[in-house]
1. Give me a count of the residues in segment 275-290 that are assigned to a helix (DSSP H, G or I) and farther than 19 Å from residue 223 by Cα.
2. May I ask you to say which residue of 22, 94 is in contact with a strand residue (DSSP E or B) (Cβ under 8 Å, 6 or more places away or on another chain) and modelled with pLDDT under 95?
3. Check off (1) free of Cβ contacts under 8 Å to residues at least 60 places away in the same chain; (2) over 30 Å from residue 312 (Cα atoms); (3) among the aliphatic types (A, V, I, L, M) for residue 182 and give me the number that stays unchecked.
4. Condition test on residue 311, is it surrounded by 14 or more Cβ atoms within 10 Å (Cβ to Cβ), under 23 Å from residue 202 (Cβ atoms) and at pLDDT 95 or above?
5. Take segment 186-232 and flag every residue that is among the charged types (D, E, K, R) and either in a loop (DSSP other than H, G, I, E, B) or closer than 25 Å to residue 3 by Cβ (or both).
6. Looking at the structure I just gave you, is residue 151 of a type in the set (A, V, I, L, M) and not assigned by TED's automatic domain parsing to the domain that holds residue 57?
7. Just wondering, is there one or more residues in segment 232-242 that are within 23 Å of residue 68 (Cα to Cα) and either in the same structural domain as residue 25 (by TED's automatic domain parsing) or among the hydrophobic types (A, V, I, L, M, F, W, C) (or both)?
8. Output the residues belonging to segment 248-266 that are more than 25 Å from the chain's Cα centre (by Cα) and either charged (D, E, K, R) or in the same structural domain as residue 140 (by TED's automatic domain parsing) (or both).
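The values are calculated or read from the model by the stated rules, or taken from the named source; none is laboratory data. All values derive from a computational prediction rather than experimental measurement. Glycine gets a Cβ as well: all are built from the backbone with ideal geometry, and neighbour counts include every protein chain shown.
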Amino acid sequence: MKTRLTEMLGIKHPVIQAPMAFAAGGALAAAATKGGALGMIGGGYGDPEWIDAQFNIAGAARIGCGFITWRLAEQPTVLDRVLERQPAAVFLSFGNPAPYVDRILGAGAALICQVQTLKDARHAMDVGAQIIVAQGGEAGGHGEGRGTLTLVPEIADEIARRNTDIALVAAGGIADGRGLAASVMLGADGVVVGTRYWASGEALVHPRILADSLHASGDDTIRTRVLDIVRGYDWPQRYSVRARKNEFVEKWHDAEAGLRRDLGPQTALWDKANTQGDPSIAAAFVGEGLGLIHNASPAEGIAAQIVEQAAALLLKAGS
């Protein structure tokens with residue numbers, strides 16, 4: 001399936017593996033790329049030693065790296081270290097990309113900007129984004145409230161009005177070929193896939209957490225601030241995180257003040273549970289697409305499976 005995205009990134013399939021913080025390491029990124037997608041390391045909060053190690057694991061694979069933009073502003077030299085690795089793309093989310101545009105494009109990397117509103121999409125286009133990711137609230141991890149179904153075509157219309165060659169990519173709740181086919185019909189050139197890659201053997205996910213999540217549905221996820229509070233991350237108020245519901249999240253979701261008062265012991269409890277893979281406390285940062293996933297697939301085959309199903313659906317729709 002050739003699209004503006006495949007041409008721009010030089011990939012076989014119009015699929016970008018989401019740069020999920022802590023879950024998307026070098027093994028996952030390399031496997032996704034081998035399978036025809038663009039694999040991404042989740043640079044997340046900008047730990048330079050961890051990022052270096054993951055690039056080493058990925059070896060010679062042509063991959064990209066993603067950053068949480070507001071956190072990157074606190075340690076901008078991390079970007080330079082990544083650019084020395086000659087990534088295929090840099091993926092910026094949750095903040096103003098403007099200070100980094102010249103360095104990224106000057107290094108020969110494609111600039112991908114993920115947005116959650118039309119206003120942010122316009123800003124990203126104005127400052128030089130080559131690829132816009134329209135992230136709906138169905139997505140796992142951090143995001144906002146707009147739904148993918150309306151956000152994607154609204155941004156597609158804006159790109160058309162500007163008569164530019166910017167590629168548009170849909171994200172949020174896309175876990176199989178139905179999501180890709182729908183996204184193409186909405187005006188997207190491809191998709192970002194997170195939770196489907198999260199549920200793979202190459203993702204850095206505790207086996208107990210993964211096994212437990214494969215029995216859940218999209219109803220079992222929630223947008224909350226609990227997981228940022230317990231980790232001590234001072235995220236901008238506009239963003240919340242979607243994750244799997246569990247006893248810990250449901251206990252504190254409507255009791256944030258109480259969690260803050262008891263933060264030390266609760267953080268210790270949460271850290272221990274993550275190490276042990278206790279699904280009643282530890283976090284699974286997954287989206288509403290979780291209910292479409294029933295097995296842990298090898299990452300290399302995911303993009304091809306998605307595209308095969310999408311192509312059949314689009315052919316049927318056109319007949």
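1. 2
2. Just a single option satisfies the conditions, and that option is 22.
3. (2)
4. Taking the combined requirement at face value, the residue does not satisfy it.
5. Residues satisfying the conditions are 189, 196, 202, 225.
6. The answer is no for residue 151.
7. yes
8. 251, 254, 256, 260, 261, 262
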